[in-house]
1. Pull out a ≥ b ≥ c, the square roots of the eigenvalues of the alpha-carbon gyration tensor of segment 287-437, then state rounded if a/c is under 1.5, prolate if not and a/b is larger than b/c, and oblate in the remaining case.
2. Counting other beta carbons within 10 Å of each residue's own, what order do D188, D155, D215 fall into, fewest first?
3. Cα-Cα over 28 Å: which of K150/K245; K67/K245; K203/K362; K303/K362?
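Laboratory data are not the source of any read-out in this text; all were calculated from the coordinates shown. Being a predicted model, the structure only gives us computed values, none of them experimental. Note: ideal-geometry Cβ built from the backbone for every residue, glycine included; neighbour counts use all protein chains shown.
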Amino acid sequence: MSEGTSLSQGDKKDKAKTRSSNRTSRNNGRHRPSKSKSSAIAEKKTNKKTSKPRDINSDYKVLEIFKLIRKFKPVTINGIPVTNILKQEEKKEKEEEQKSIIHAEETNQSKEKKQKQAKNKIQNDVLKSYITRIFTNQPNKPIYFSFVIKPSDPDFPFDLESLKLSLCIPYTYPYNKESKPSIYILNDEIPKGFAVNIELGYKRIVEIAMNNETDEEIELVSGKGLLSQLQTLDKYLELFLKQKKRDTIKFVKLKKKTTPQMHMLDTPSSSPVPTPKSISPSPSPSPVISDQRNQLIGEMINKLGPNVKLLKKNPTTKYKIILPVHAEHTDNPLKPVPPEIWNLHGSLEIFLNIPFNYPESKLTITIPTNFSEHLLAKHGDIKDLQTIKLTEQNVVRNFGAYKFRDVNLTFVINWFGNYLGVFCLNEKEFNSTAELLL
């Protein structure tokens, strides 16, 4: 009996070991997934990390802008008045309130609470939300603000109530050192030569801030961001206005890099734009042609007076001409009209290029690159910029292709100005309309 009993106990121990090993193997199977399952799990974790959207509100540029608008409330954002933006937001809130079912007492209480909140904070939050949407929907485009800044110096010596400016912030700022903010002075009462000094002063401030430079005359105010840059401009505004007035030639040299003679002609179009290079002028014009050319230029200068300024001489003479744009363009219903933004401004700036052997070779024109852009920032909607650029391209092409009835430069400019709307048409429309009206 004892021997039989001991055998049965041994069998039990063996069975217990077998069950234990089976459980261990099953547990190992559950807790150690196959390589394919492991990679799938790892991939899910990786996807979770990469798919997380970037918070636009943490972007340095956006944070700088938020800080800026807390101090200086913008007048427009991308050409749209801030008052319109705030009104649209208020309209949305009212619509949401009407849709929701709320008791009259609760509605009155919510209105009272909103009225007690700081008005500036509410407006600031609305603008921050609006700016965030712009960067979310248009991440690769610059943003434009216009400001009206009162000089903070109580002893400011100049008769200037406020400085009106348009601020352009490139989309790669501040990560690309070459992408620098820039301003354009909008004050009509500040002569152009002094306005350029202010714009150059701001450019100098930006270079100090972005390149960590030191300057003997200028010290940055409270940091290096956008707010600091405008506050520094305000601090040294008197310094920039005291500088010698820039003459027109120097001003144009500054714009030379962004406004090459053929810049507008590089834009794709339905047909190539005629240029002076397409015509082979004689190596040197005859004395008769030279005398005729000089006489025509002299007459133009005398007739146009302050509206014409010499920019460059030899071999092609280049003049900047301010072309009046009046409401009279709309009197004839059959006559096309130029862009409304030019009409609001009252003039169009063009560069007239007179070949050295004119009138044997044709005249050409270009339009300053930023002319319409600055007008849109001041008067209109910057979203219309592409349309305006196409119109400018039409004007340049049609002027180069059109055969004027007289070589007299004053006649050419007056004729062009009177029918500016026709020259704004595309090539096909211009050719058909020119036969009827010109």
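1. On the way: a/c = 1.89, a/b = 1.48, b/c = 1.28.
The shape class here is prolate.
2. Arranged by neighbour count, lowest to highest, D188, D155, D215 become D155, D188, D215.
3. Working: K150/K245 22 Å; K67/K245 33 Å; K203/K362 38 Å; K303/K362 21 Å.
The pairs that break the limit, which is 28 Å between Cα atoms, are K67/K245; K203/K362.
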